[in-house]
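Peer 1: I have a structure here, written as structure tokens, and I will follow up with some questions on it.
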Amino acid sequence: MSAFIDFLGGLSLLAGSAFLLFGGLGLVRMPDIFNRIQAGTKTTTLGTLLTLLGAAMLHPEWSLKLLLIGVFLIFTNPLSSQVTACTAHYRGIKKSSLTKVDRLADDESESMEKSVSKNPDSEHKDKEEAEL
Amino acid sequence: MVDLLIILAAILAGGAFLFALWRFLLGPTRLDRVVAFDVLTIVSITFIVFAALIEKRGIYLDVALVYALLSFLGVIAIARYLGDRF
């Protein structure tokens, strides 16, 4: 039974490293920085979590530290990728022609329209306040 | 058997490290290098876990713990420095 769990742990290590390898391959092959962020963050998160799971199967006495490492990775990895993607968007780095969806640009155009439509009201209020 | 699997997995992670290093060296923009650096740090955490597994010393995991806590700060600092809007 113990040997079987060890074998499962080794397979989990191998699967995690394969995910890391595919993440690196996507980092090289993707046409665009946004796609590179996607490929480089999601796959490496899953790959590292699978590797930690495999290490916890091989050495059950380490599982608390491995769980802590996994929790820190889950907290910090999306944060860094989100900040990088935001910076890339605001610096105006061009998307490739294969990238279709940009929700942040859609939201910005919507909020611009709303602010334009709200502008007369606010000016009116300002005038009222000035008259008062 | 398990040792062979660990070494094979370490070789695959080394391939991921080389791919990320390639993108780091020839990324067209600076943010591409930042993304590649992010991937490099995460793969380094995996390497530290592999070192702990091969040497069978659990104390190495403390290094991975501190590195997982602090490595993303460099990425966030560089990304916020490059973006003027924040």
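The values are calculated or read from the model by the stated rules, or taken from the named source; none is laboratory data. Keep in mind it's a predicted model, so treat the numbers as computed, not measured. In this analysis, Cβ positions are derived from the backbone assuming ideal geometry, glycine residues included, and neighbour counts consider all displayed protein chains. Protein only, heavy atoms only, side chains kept; ligands, DNA and RNA dropped before computing areas. Shrake-Rupley method; radii C 1.70, N 1.55, O 1.52, S 1.80 Å.
Peer 1: What angle do you read, to the nearest 10 degrees and between 0 and 90, between the alpha-carbon axis of helix A:2-29 and the longest principal axis of chain A?
Peer 2: Taking the Cα atoms of chain A, the angle to A:2-29 is about 40 degrees.
Peer 1: Return one number: the angle in degrees, 0 to 90 and rounded to the nearest 10, between the long axis of the Cα atoms of helix A:33-58 and the longest principal axis of the Cα atoms of chain A.
Peer 2: Helix A:33-58 sits at roughly 30 degrees to that axis.
Peer 1: If exposed trypsin sites (Lys or Arg not before Pro) are those in a DSSP loop with at most 16 other Cβ within 10 Å, what is the longest stretch of chain B that has none? Please report the intermediate quantities before stating the final value.
Peer 2: Details: sites that count: B:K56, B:R57, B:R85.
That gives B:1-55 as the longest site-free run.
Peer 1: Any idea how far the Cα center of region A:16-73 sits from the one of region B:8-29, in Å?
Peer 2: 14
Peer 1: Under the classification rounded if a/c is under 1.5, otherwise prolate if a/b is larger than b/c and oblate if not, where does region B:2-82 fall, given a ≥ b ≥ c as square roots of the Cα gyration tensor eigenvalues?
Peer 2: In terms of gyration-tensor shape, oblate.
Peer 1: Give me the summed buried accessible area for the A-B pair, 1.4 Å probe, to the nearest 100 Å². If you can, show how the numbers build up before the last one.
Peer 2: Values: alone 10080 and 6590 Å², together 12480 Å².
Chain pair A/B: roughly 4200 Å² of buried accessible area.
Peer 1: Let me ask something else about it. From Cα pairs below 8 angstrom and at least 6 apart in sequence, can you work out the relative contact order of chain B, rounded to a whole percent?
Peer 2: 26
Peer 1: For chain A, modelled as a GNM with alpha-carbon contacts under 10 angstrom, which of A:L67, A:L98, A:L20 fluctuates the most?
Peer 2: Judging by the Gaussian network model, the answer is A:L98.
Peer 1: For chain A, what ratio Rg/Rh do Cα atoms give with a Kirkwood hydrodynamic radius?
Peer 2: A ratio of 1.28.
Peer 1: Per residue, how many Å² of accessible area does chain A show with a 1.4 Å probe?
Peer 2: I get 61 Å² per residue for this part.
Peer 1: For the protein assembly as shown, please report how many Lys pairs fall under 20 Å Cα to Cα, leaving out neighbours fewer than 8 apart on the same chain.
Peer 2: Working: A:K42/A:K95; A:K42/A:K100; A:K65/B:K56; A:K114/A:K125; A:K118/A:K127.
Close lysine pairs under the 20 Å cut-off: 5.
Peer 1: Hey, if we sort B:D32, A:D106, A:D6 by accessible area with the 1.4 Å probe, largest down, what's the order?
Peer 2: Sorted by accessible area, descending: A:D106, A:D6, B:D32.
Peer 1: Of A:L8, A:L21, A:I33, which is farthest on the positive side of the dipole of region A:1-101, counting Cα position, with +1 on Lys and Arg Cβ, -1 on Asp and Glu Cβ, and the Cα centre as origin?
Peer 2: Result: A:I33, furthest along the dipole toward the positive end.
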